[in-house]
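Worksheet for the structure shown next.
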Amino acid sequence: MRARVKDRFAGALIGTAVGDSVGLPAEGLSRSRARRFFKGEWRQRLLPGIGMISDDTEHTIFVAQALLVSSNPQEFARRLAFSLRWWLLALPAGVGFGTLRAIMRLWCGISPRKSGVHSAGNGAAMRVAPIAVLFADQPEKLKNFVRASTEVTHRDERANTGALAVAKTIAWCVSNDTDSRPGIELWTELLRNCARNDQDWAGLVDEITEAATADRSVVDFADNIGLSTGVTGYVYHTVPVALYAWYRHFGDYEKTLTAVFDCGGDTDTTGAIAGALAGVVVGPSGIPASWKSGLRDWPRGLPLLNRLADSLARVSESAEPAQPLRYCWLAVPLRNFVFLIVVLAHGFRRLLPPY
């Protein structure tokens with residue numbers, strides 16, 4: 001039993017990191033330009049054959065660490081806020097504007113319950129997977145911890161709806177322990193229940209239902225919701241695309257991720273969210289070996305993710321808090337400096353053809 005639970009946690013964590021690292025080099029490129037820029041199959045290209053993680057995976061690690069030590073949502077939120085404060089001091093590249101404002105509010109002494117800003121970004125949805133696996137059979141706790149995680153950085157209700165949709169989908173997979181995808185009516189009803197009074201969300205669920213019934217491609221689905229040039233950082237764009245890719249290519253990690261990358265736009269975050277969804281289903285063994293070996297980051301790399309999965313599985317089994325995992329956090333500023341140089345090099349490269 002514990003081995004199975006560990007496999008779910010590892011699939012979610014490693015799936016997030018791999019999707020993040022493969023999608024990162026194409027982040028922000030339109031669909032057409034990404035196709036011209038990156039020929040052949042998707043793979044890590046931040047450095048030749050090497051990928052690194054971004055804030056999507058780092059925040060997921062912070063959530064996992066907070067879950068290890070927390071017995072209630074309030075304690076969890078305080079621990080997550082603590083990690084985010086110190087994460088910012090290490091000068092990470094590419095901090096979202098909403099998240100940046102929220103962390104500055106935390107540094108000013110505002111409570112984690114009130115620090116979130118009015119933003120419907122992806123911060124909560126991209127980091128929610130460990131919560132979903134841990135509380136898969138405890139729907140009330142799941143909802144409360146998702147809310148606590150969201151409020152630290154985002155107070156727009158749409159941010160919580162997107163995070164809850166991802167979490168409930170992952171929880172369904174864990175609870176049912178099945179190799180078959182849910183029926184479309186059952187799944188879309190689960191999604192509707194995430195925001196019953198939100199007509200925009202209801203319309204997106206209708207689009208998912210129609211696309212699944214007609215067996216449309218993920219790119220066609222993205223086109224139908226107005227994302228013909230690429231997926232934006234708006235949670236009601238990113239989450240539906242990731243969810244639909246997961247459903248259409250259920251049980252195939254590579255096809256799921258390729259489908260969201262082919263849509264262009266915010267490819268690291270769509271990759272992280274879709275990677276968590278698909279990773280929970282297939283486990284770490286179902287993630288392409290070449291993609292896993294291409295992820296070479298430190299100190300927040302695959303070894304840490306595997307250790308976190310093991311510790312979370314123990315907490316899940318015992319229902320007792322544990323200690324957060326230690327790693328060489330003093331190396332993080334140097335790693336971030338290297339990462340910034342690489343990201344800037346990619347930015348200058350984009351000034352050149354092909355356009």
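Every number in this text was worked out from the coordinates using simple rules, so none of it is lab data. Model, not experiment: these values are computed from the prediction. Positions of Cβ are backbone-derived with ideal geometry, glycine not excepted, and every protein chain shown enters the neighbour counts.
Which FRET efficiency value, to the nearest 0.05, do you get for residue 352 and residue 252 by plugging their Cβ-Cβ distance into 1/(1 + (r/R0)^6) with R0 = 30 Å?
0.30
Among 266, 215, 297, rank each residue by its count of other Cβ atoms within 10 Å, from fewest to most, as a rough exposure measure.
The fewest-first ordering by Cβ neighbours comes to 215, 297, 266.
Suppose we flag trypsin sites (Lys or Arg not before Pro) only when DSSP calls them loop and at most 16 other Cβ atoms lie within 10 Å. Which is the longest uninterrupted stretch of the chain?
With trypsin sites (Lys or Arg not before Pro) excluded where exposed in loops, the chain gives 197-295 as its longest stretch.
Using per-residue counts of other Cβ atoms within 10 Å, averaged over each peptide, order 272-284, 222-234 from highest down.
272-284, 222-234
I need to check one value: relative contact order of segment 85-213, counting alpha carbon pairs closer than 8 Å and at least 6 residues apart, in percent. Intermediate results must be reported in sequence, preceding the final value.
Details: 152 pairs, mean separation 29.1, N = 129.
With pairs under 8 Å counted, the relative contact order is 23 percent.
Sequence gap at least 6, Cα distance under 8 Å: using those rules, report the relative contact order of the chain to the nearest whole percent.
Averaging sequence separation for qualifying contacts and normalising by length gives 31 percent for the chain.
Can you compute the helix-only [θ] at 222 nm over the chain? Use -39500 (n - 2.57) per DSSP H run of at least 4 residues, normalise by all residues, nearest 500 deg cm²/dmol.
Mean residue ellipticity, 222 nm, calculated: -20500 deg cm²/dmol.
When 59, 249 are ordered from fewest to most other Cβ atoms inside 10 Å of their Cβ, what list results?
Ordered by Cβ neighbours within 10 Å, fewest first: 249, 59.
Within a Cβ distance under 12 Å of residue 44, other residues only, what is the Lys/Arg minus Asp/Glu net charge?
Values: positive: 43, 45, 292, 296; negative: 20, 41, 268, 297.
With Lys, Arg at +1 and Asp, Glu at -1, the net is 0.
Please express the shape of segment 2-349 as an equivalent ellipsoid: the semi-axes are the square roots of 5 times the eigenvalues of the C-alpha gyration tensor, given largest first in whole angstrom.
26, 24, 20
Near residue 78, within a Cβ-to-Cβ distance under 15 Å, what is the net charge of the other residues, with Lys and Arg +1 and Asp and Glu -1?
On the way: positive: 79, 85, 105, 113, 114, 147; negative: 75, 151.
Around residue 78, the surrounding residues sum to +4.
I need 52, 104, 126 ordered by Cβ neighbour count within 10 Å, fewest first.
Lowest count first: 104, 52, 126.
Compute the signed sum of charges (Lys and Arg +1, Asp and Glu -1) over the other residues within less than 15 Å, Cβ to Cβ, of residue 26.
+2
Loop only per DSSP, at most 11 neighbouring Cβ atoms within 10 Å: give me the GluC sites (Glu not before Pro) in segment 15-94, ordered by residue number.
Of the GluC sites (Glu not before Pro), the ones in loops of segment 15-94 whose Cβ has at most 11 other Cβ atoms within 10 Å are 41.
With 29 Å as the limit, write out which pairs from 168/255; 143/292; 141/255; 168/292; 114/168; 6/39 have Cα-Cα distances beyond it, or answer none.
143/292; 141/255; 6/39
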